[in-house]
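The structure appears below as structure tokens.
The values are calculated or read from the model by the stated rules, or taken from the named source; none is laboratory data. Fair warning: this is a prediction, and the values are worked out from it, not measured in the lab. Cβ placement follows ideal geometry from the backbone for every residue including glycine, while neighbour counts extend to all protein chains displayed.
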């Protein structure tokens, strides 16, 4: 039976694909118009990236509200200029003269409202008299400043270094002016993707198409993202880096899936128009469904109800949706333009075995099905071992101590810790307010009790002029990322402050950057179960509708949780325990970023569904055509294993390329996503899922009759006029 004599697929997607394949320049021109319009809309109506960070309802946010009302001069952020006498003491006349000059110049910096000097607060000189610091108070939030705004501060510090004095600068303001460059490390991921696709296809043209369309998707997403900044909180660094990661990863994967199906169609004797129509009507449907599951996972981040986390989810879902649109509505035009040339420019020895049941992936499937029970048990033990470190996971946020030593903020952090102890880098602010005023004797008693509290190194009281509010600046004995500091904050909030304010109208809240970080971690932990439940529940409902099976969605959820556990365990081992850091180019240990588990789960759950769909859509297609469950699973591995492996390797390469940067937060995100994809694609989808589906057999496709009747019948496989069993693979040109 020839391909031309079989029923050709119909429907909106197939008709669109035929039109695009026959009119490629019209479609490409239409996309150019869309890009121009998007650019105009973005420039005209685009919003600004976030200049604030908020945790609605948290205690640290309440402390900020009092600061803004009662201490407007202290409500802004600050920079800490740290000085060290190289061959003497801070009290030496020469050093004092230089220090006075620094005070004068820093007071005149744009945006500065005041400078607290060691003369005002003797605690700002170390016990050995060699290190001191100035608190340079700015009028607004550090997030409102650009690197250009902070440049004069760095120029001052660099110019103040001399033979007698070492000068560094840290604090929130300095951190905003010294954000590590993200660089162009994703180029390494793109190069790796090119190599992988060249090995897979053996064709330069087939390799290049997914790269081009993925870059187009990222570009369009970058253009449109400012429009969404009107309604959602989005930071320019984290959000755009995440968008770049996701866009390149899913864009290449989705295009790869369609290109692979198109090439298979050509290799089995179809004409270009039919090959494009079948690819979009089959692989295109799977891509649309896969993108939907990823978007569900990302949009689920809104459940956490933290503005900047919601913004990351919105940005990720935008790039996923645009990548799907590019794959379905631009790729058929590109394929029609390329035509059969996609089979040319082949590299001898690469991409062989297309469509053959003797390929390595059919051999792999047969190996798995020989002893599925034993292989499944070994795989589960391996995943459990990877997940073991998760029991020691400590959520928090990175600080300047995790920055490279080439940065001012890191060197200032180390100097402060050397001179004043680790807690100097993360002071706590106890903000107290009373409309009726304070009992001075009671406040003095509270102050004395605070100084005696375990974990407190020093306390600096700062009342306002009206006597209705005060700031108690507490320096812990431990660093901002230490668990002991977290315990001190809980002691203050749960025991000390409630006892101090009992029976009075005094309101007292613990604020400051360290407390805000802990609030963020606790909000995340409290809402994690709710978030997991929403994402898993919605994804399972979609999978039940699509695959018309009870077991497949349950198995998909459980195996994805196994991938998540293994990934979290690996992150703890690398970023908390320090394993393999020199190999990966990561510097310093610390907590796992508090929002990272949520983001990784949302992304991974969606992406793992991609591979589930890529693998099982072919299995479902074969099973629906009467093939028994075991043979259908073998066909799924044989025909789709190559795509899942290549897609996983490509996406992991893109994500892992971000580990090469200097920003720890981005390194962690890149490592987590890259490791998760490797585990999920190569261990879970290509080992565990085939063995489990083989063991469960026909029962894996069982659906209650009553449920099958009420569920909508969604066909993601589409109609195909290819019968791989009946059509021989045609010879492909080698030129």
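Side notes on the structure shown:
- Which listed residue is within 30 Å of residue 482 (Cα to Cα) and either over 27 Å from the mean Cα position of the chain (by Cα) or part of a helix (DSSP H, G or I) (or both), from 588, 569, 641: 569
- Region 465-474, residues that are outside any loop (DSSP other than H, G, I, E, B) and touching a residue at least 60 places away in the same chain (Cβ under 8 Å): 469, 471
- Residue selected from region 485-500 under the condition surrounded by fewer than 17 Cβ atoms within 10 Å (Cβ to Cβ) and in contact (Cβ under 8 Å) with a residue 12 or more places away in the chain, by the criterion nearest to residue 310 (Cα to Cα): 487
- Residue within region 493-508 that is within 15 Å of residue 64 (Cα to Cα) and in contact with a helix residue (DSSP H, G or I) (Cβ under 9 Å, 6 or more places away or on another chain) present: yes
- When the criteria are applied in full, residue 516 fails the requirement of being in a helix (DSSP H, G or I), touching a helix residue (DSSP H, G or I) at 6+ places or on another chain (Cβ under 6 Å), under 22 Å from residue 655 (Cβ atoms) and in contact (Cβ under 8 Å) with a residue 60 or more places away in the chain.
- Hits in region 453-484 - residues which are farther than 24 Å from residue 71 by Cα, surrounded by fewer than 19 Cβ atoms within 10 Å (Cβ to Cβ) and at pLDDT below 85: 483
- Positions within region 75-95 being surrounded by 15 or more Cβ atoms within 10 Å (Cβ to Cβ) and either within 19 Å of residue 156 (Cβ to Cβ) or not assigned by TED's automatic domain parsing to the domain that holds residue 65 (or both), in sequence order: 76, 77, 78, 79, 80, 81, 82, 83, 84, 85, 90, 95
- Residue count for region 267-295, restricted to those that are surrounded by fewer than 24 Cβ atoms within 10 Å (Cβ to Cβ) and either more than 31 Å from the chain's Cα centre (by Cα) or closer than 24 Å to residue 357 by Cα (or both): 7.
- Candidate set from region 39-61 (those that are surrounded by fewer than 19 Cβ atoms within 10 Å (Cβ to Cβ) and at pLDDT 75 or above); member that is nearest to residue 123 (Cα to Cα): 61
- Conditions (1) out of contact with any helix residue (DSSP H, G or I) (no Cβ under 8 Å at 6 or more places or on another chain); (2) in a helix (DSSP H, G or I); number of the one not met by residue 656: (1)
- In the set (1) surrounded by 19 or more Cβ atoms within 10 Å (Cβ to Cβ); (2) out of contact with any strand residue (DSSP E or B) (no Cβ under 9 Å at 6 or more places or on another chain), residue 420 fails one condition alone, (2).
- Count of residues meeting criterion [assigned to a loop (DSSP other than H, G, I, E, B) and in contact with a helix residue (DSSP H, G or I) (Cβ under 6 Å, 6 or more places away or on another chain)] in region 137-181: 3
- Residue within region 457-474 that is on the phi > 0 side of the Ramachandran plot and over 36 Å from the mean Cα position of the chain (by Cα) present: yes
- For region 96-116, filtering for residues that are loosely packed, with under 14 Cβ neighbours inside 10 Å and within 39 Å of the chain's Cα centre (by Cα) leaves 1.
- Taken together, the criteria place residue 510 among residues that are assigned to a strand (DSSP E or B) and either under 37 Å from the mean Cα position of the chain (by Cα) or at pLDDT 80 or above (or both).
- Some residue of region 235-245 being under 20 Å from residue 196 (Cα atoms) and either in a helix (DSSP H, G or I) or touching a helix residue (DSSP H, G or I) at 6+ places or on another chain (Cβ under 9 Å) (or both): yes
- For residue 446, the conditions (1) part of a helix (DSSP H, G or I); (2) closer than 25 Å to residue 490 by Cα; (3) touching a helix residue (DSSP H, G or I) at 6+ places or on another chain (Cβ under 6 Å); (4) at pLDDT 85 or above all hold with the exception of (4).
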